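**Q** So that we are looking at the same thing, I have put the structure below in structure tokens.
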Amino acid sequence: MEIFMVSFSTIQDVQKFVAAVNMIDSDCDLVASRYVVDAKSILGILSLDISKPIELRIYSYKDEMKQLLQDFIVEE
């Protein structure tokens, strides 16, 4: 499993993120405090507070996946 922090500025960012995550052949979750949603679900993501960075968990990670998500990953 690989964990990244991601953030979104607009609803369009969420749409682009979901399109990118759907190209990943692995289960992906977003974790915000006690809430866990499927990262491939626009409605699930919009139920979270997207004003702050959110933890992304990719369960079967490959290095090329980071390139798909580089626009959303927040370096800490």
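The values are calculated or read from the model by the stated rules, or taken from the named source; none is laboratory data. Note that this is a predicted model, so its numbers are computed, not measured. Because the Cβ atoms are built from the backbone with ideal geometry, glycine has one as well, and the counts that use them run over all protein chains shown. With ligands, DNA and RNA removed, areas are computed over all heavy atoms of the protein, side chains included. Shrake-Rupley method; radii C 1.70, N 1.55, O 1.52, S 1.80 Å.
**Q** Taking 0.36 nm per residue of separation and subtracting the Cα-Cα distance, what length does fully extending ASP25 through LYS52 add?
**A** Between ASP25 and LYS52, full extension yields an extra 7.1 nm.
**Q** On to the next question. Mind giving me the nanometre distance, one decimal, between the label points for TYR35 and GLN12, set 7 Å out from Cα along Cα→Cβ?
**A** If labels sit at TYR35 and GLN12, their model points lie 2.4 nm apart.
**Q** What does the charge dipole of the chain about its Cα centre add up to, to the nearest 20 debye, if the Cβ of each Lys and Arg holds +1 and the Cβ of each Asp and Glu holds -1?
**A** Using Cβ point charges on Lys, Arg, Asp and Glu, the chain gives about 200 debye.
**Q** Relative to the first principal axis of the alpha-carbon coordinates of the chain, what is the inclination of helix 11-21, with its axis defined by its Cα atoms, in degrees from 0 to 90 and to the nearest 10?
**A** 20 degrees
**Q** Towards the positive end of the charge dipole of the chain, with charges on Cβ (+1 Lys, Arg; -1 Asp, Glu), say which of ASN22, SER47, GLN67 has the farthest Cα.
**A** SER47
**Q** Right, here's the next one. Given the DSSP H assignment, sum -39500 (n - 2.57) over each helix run of at least 4 residues in the chain and divide by its residue total; what's the result at 222 nm in deg cm²/dmol, nearest 500?
**A** Computed mean residue ellipticity for the chain: -7500 deg cm²/dmol.
**Q** For region 33-76, report the accessible area per residue in Å² (1.4 Å probe, heavy atoms, rounded to an integer).
**A** 72 Å²
**Q** While we're on this one: Using a 1.4 angstrom probe on heavy atoms only, work out the carbon and sulfur share of the accessible area of the chain in %.
**A** 47 percent
**Q** Students often forget the sequence filter, so: which lysines lie under 18 Å Cα-Cα from LYS62 once same-chain residues fewer than 8 apart are removed?
**A** LYS40
**Q** OK, next. Return the loop-located trypsin sites (Lys or Arg not before Pro) in region 1-75 (DSSP other than H, G, I, E, B) with at most 11 other Cβ atoms within 10 Å of their own Cβ; answer none if there are none.
**A** ARG34, LYS62
**Q** Which of rounded, prolate, oblate describes the chain, given a ≥ b ≥ c as roots of the alpha-carbon gyration tensor eigenvalues and a/c under 1.5 marking rounded, otherwise prolate only if a/b is larger than b/c?
**A** Because its axes are fairly even, with a/c under 1.5, the chain counts as rounded.
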